[in-house]
Amino acid sequence: MIRVLALLALLVAAGAAAQTTKVYRIGMLETTSESANRANLEAFRKGLREAGYVEFENFIINYRSTDGRADRYPALAAELVRARSDVIVTRGFAAARAATQAGPIPVVMATSADPVAAGVVKSLAHPGGNVTGMTTLVSELAGKRLELLKELAPDVQRVAALLNLGNPTADAERRQIERAAKSLEMQALIFDVRNVEDLQRALEAAAQKKADALLINGEAVLIANRVAILDFARKLRLPVMYAAREYVEGGGLIAYGVSYPHLYYRAASYVDRILKGARPADLPIEKPNKMYLVINVRAATALGIPIPSKLLLRADELIR
């Protein structure tokens, strides 16, 4: 009888514990759909699992995507606040800024080019406020991409670079590109792309100006419309240097930049610390410590571009 009563007591205690288990609501304010963002999401979930979280048992993800429309960030951020998110994970400074303006909820940036220049945080070491996370801020990255493109496709002369000139980092990026182009004896054609309509006009203008290559950075509108960019490059048989592996997975030629899945994986550790009581203001923003070079061998073959052995040896990944 005593054993039965003890067992009942344990069952009751276990049931009470189950009923009081906190289920954290993690909002995600993104630029692309869940399916298009699959690799990054899986890396984020992996980071949470390794920290001891079980999806649907003690956390759920409320995902919102602007589908490349930056003007939708404020409304979607407000939705996540109304959904009582415990923390909001963002991609890009515009999403982070919208999340901070929507309410006093901790924000973890999975990526952000320069959150200090954007006015989202006070400094990388001491963010202040409710925002912390990861930055993709790396000096001279745009110039290095152009150098690698020229090394892979030495005949390229006129490269069309698609930039969001409204971005606080755009001026510095533009200077890098123009300086690198001059040193490589190339001509840089700069196009301002802030929305999908701008993108279509820019691609048409690049074709009219006879650009023989493209330079695509990590802007949200470009990521969200990467299929259109890939189709354009394929149709015109243009070599393109991209900022993210997702393009190369989709058939693009080459990408050089940070590993976005790794950034999302690291962002999970920030979410974990915040859910355990840490203040975003006290968590320094982390910079990437390695760049990744990915080359699509099949795309190079289709374009008739032989990959130099130096690049083959340097590549972190070859997609065949």
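The values are calculated or read from the model by the stated rules, or taken from the named source; none is laboratory data. Quick caveat, the model's predicted, so the values are computed rather than measured. Positions of Cβ are generated from backbone atoms using ideal geometry, with glycine treated the same way; all protein chains shown enter the neighbour counts. When the accessible area is computed, the model is the full protein with side chains, heavy atoms only, and any ligands, DNA or RNA have been set aside. Shrake-Rupley method; radii C 1.70, N 1.55, O 1.52, S 1.80 Å.
I'd like to know if the range 109-123 contains one or more residues that are over 28 Å from residue 63 (Cα atoms) and of a type in the set (A, V, I, L, M, F, W, C).
no
Could you tell me whether residue 165 is touching a strand residue (DSSP E or B) at 6+ places or on another chain (Cβ under 9 Å), outside any helix (DSSP H, G or I) and over 20 Å from residue 252 (Cα atoms)? Quick ask: steps written out before the conclusion?
On the way: touching a strand residue (DSSP E or B) at 6+ places or on another chain (Cβ under 9 Å): yes; outside any helix (DSSP H, G or I): yes; over 20 Å from residue 252 (Cα atoms): yes.
In short, yes.
Check 42, 57 and return the single one that is part of a helix (DSSP H, G or I), out of contact with any strand residue (DSSP E or B) (no Cβ under 8 Å at 6 or more places or on another chain) and among the acidic types (Asp, Glu).
Exactly one of 42, 57 is part of a helix (DSSP H, G or I), out of contact with any strand residue (DSSP E or B) (no Cβ under 8 Å at 6 or more places or on another chain) and among the acidic types (Asp, Glu), namely 42.
Among the residues of the range 202-224, which ones are assigned to a helix (DSSP H, G or I) and in contact (Cβ under 8 Å) with a residue 12 or more places away in the chain?
Passing the criteria: 202, 203, 205, 206, 207, 220, 221, 222, 223, 224.
Being of a type outside the set (S, T, N, Q), within 23 Å of residue 197 (Cα to Cα) and in contact with an Asp or Glu (Cβ under 7 Å, 6 or more places away or on another chain) is the filter here, so list the residues in the range 159-185 that pass it. Working first, answer last.
Quick first cut of the range 159-185, residues of a type outside the set (S, T, N, Q) only: 159-163, 165-166, 168, 170-175, 177-182, 184-185.
Among the residues that remain, those that are also within 23 Å of residue 197 (Cα to Cα) are: 159-163, 165-166, 168, 170-171, 173-174.
Result: 163, 165, 168.
Counting only residues that are of a type in the set (S, T, N, Q) and under 15 Å from the mean Cα position of the chain (by Cα), which one in the range 65-91 is surrounded by the fewest Cβ atoms within 10 Å (Cβ to Cβ)? Steps first, answer last, please.
At the first step, the residues of the range 65-91 found to be of a type in the set (S, T, N, Q) are 65-66, 85, 90.
Pick out the ones that are also under 15 Å from the mean Cα position of the chain (by Cα) and you get 65-66, 90.
Details: 65: 19, 66: 24, 90: 30.
Across the range 65-91, the extreme among qualifying residues is 65.
Search the range 152-179 for residues being touching a Lys or Arg at 6+ places or on another chain (Cβ under 8 Å) and more than 21 Å from residue 221 (Cα to Cα), and hand back the single one that is surrounded by the fewest Cβ atoms within 10 Å (Cβ to Cβ).
Among them, the one singled out is 158.
Among the residues of the range 20-38, is any surrounded by fewer than 18 Cβ atoms within 10 Å (Cβ to Cβ), out of contact with any helix residue (DSSP H, G or I) (no Cβ under 8 Å at 6 or more places or on another chain), of a type in the set (Val, Ile, Thr) and at pLDDT 95 or above?
yes
Is one or more of the residues making up the range 257-277 buried (at least 23 other Cβ atoms within 10 Å of the Cβ) and not in a helix (DSSP H, G or I)?
Scanning the range 257-277, I find at least one residue that is buried (at least 23 other Cβ atoms within 10 Å of the Cβ) and not in a helix (DSSP H, G or I), so the answer is yes.
Of all residues in the range 186-201, how many are modelled with pLDDT of 95 or more, outside any strand (DSSP E or B) and either of a type in the set (Val, Ile, Thr) or farther than 19 Å from residue 67 by Cα (or both)?
2
State whether one or more residues within the range 87-99 are within 25 Å of residue 288 (Cα to Cα), in contact (Cβ under 8 Å) with a residue 40 or more places away in the chain and in a loop (DSSP other than H, G, I, E, B).
Within the range 87-99, one or more residues are within 25 Å of residue 288 (Cα to Cα), in contact (Cβ under 8 Å) with a residue 40 or more places away in the chain and in a loop (DSSP other than H, G, I, E, B).
Which one of these does residue 232 not meet: (1) buried (at least 23 other Cβ atoms within 10 Å of the Cβ); (2) closer than 25 Å to residue 191 by Cα?
The failed condition is (1).
Take the conditions without any contact (Cβ under 8 Å) to a residue 40 or more places away in the chain and of a type in the set (D, E, K, R) and apply them to residue 64. Does it pass? Working first, answer last.
Numbers: without any contact (Cβ under 8 Å) to a residue 40 or more places away in the chain: yes; of a type in the set (D, E, K, R): yes.
So residue 64 fits the description; yes.
When you scan the range 122-151, how many residues do you find that are open to solvent by 10 Å² or more (accessible area, probe 1.4 Å), under 15 Å from residue 178 (Cα atoms) and assigned to a helix (DSSP H, G or I)?
The total comes to 5.
On the basis of being open to solvent by 40 Å² or more (accessible area, probe 1.4 Å) and not charged (D, E, K, R), does residue 56 make the cut?
Numbers: open to solvent by 40 Å² or more (accessible area, probe 1.4 Å): yes; not charged (D, E, K, R): yes.
Answer is yes for this residue.
Among the residues of the range 285-316 satisfying the criterion of being out of contact with any Pro (no Cβ under 7 Å at 6 or more places or on another chain), touching a residue at least 12 places away in the same chain (Cβ under 8 Å) and closer than 21 Å to residue 134 by Cα, which is most open to solvent (accessible area, probe 1.4 Å)?
Out of the qualifying residues, it is 287.
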